[in-house]
Amino acid sequence: MIKFDKLFKTLKENGISQYRLYHHYGISRSQIYRLKNNQSVTTHTLDILLNILGEGFTLDDIAEFVPDQTNEHIE
């Protein structure tokens, strides 16, 4: 599972509110909802968010991979 908990911490630390994402940057409320609930988003959305944050930020600053516990190794 890809978790986006880091995104909201990073945004807050850099003074970027959800209101600003909606109104200034054009990120839809549905995309923010999907991110908050760790649902699927496009790489385009991730690219936009990293561009909003600026140079020096990477996917590691906004997302985290957590392996599924039920995932079995496929041979």
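Give the relative contact order (percent, whole number) for the chain; include only Cα pairs under 8 Å separated by 6+ residues.
54 percent
Taking 0.36 nm per residue of sequence separation and subtracting the Cα-Cα distance, how much length would be gained by fully extending the chain between residue 25 and residue 59, in nm to one decimal?
Fully extending the segment from residue 25 to residue 59 adds 10.4 nm.
For 3, 9, give me the order by solvent-accessible area with a 1.4 Å probe, most accessible first, ignoring ligands, DNA and RNA.
9, 3
Rolling a 1.4 angstrom probe over the protein heavy atoms, how many square angstrom per residue are accessible across the chain?
On a per-residue basis, 76 Å².
State the percentage of accessible surface on the chain attributable to carbon and sulfur atoms; use a 1.4 Å probe and exclude ligands, DNA and RNA.
Ligands and nucleic acids excluded, carbon and sulfur reach 49 percent.
Counting each DSSP H run of 4 or more residues in the chain as -39500 (n - 2.57), what helix-only mean residue ellipticity at 222 nm follows after dividing by all residues, to the nearest 500 deg cm²/dmol?
Taken over the chain, the calculation gives -12500 deg cm²/dmol.
The values are calculated or read from the model by the stated rules, or taken from the named source; none is laboratory data. If you're wondering where the values come from, they're calculated on a predicted model, not measured in any experiment. Areas reflect the complete protein model, heavy atoms only, side chains present, ligands, DNA and RNA absent. Shrake-Rupley method; radii C 1.70, N 1.55, O 1.52, S 1.80 Å.
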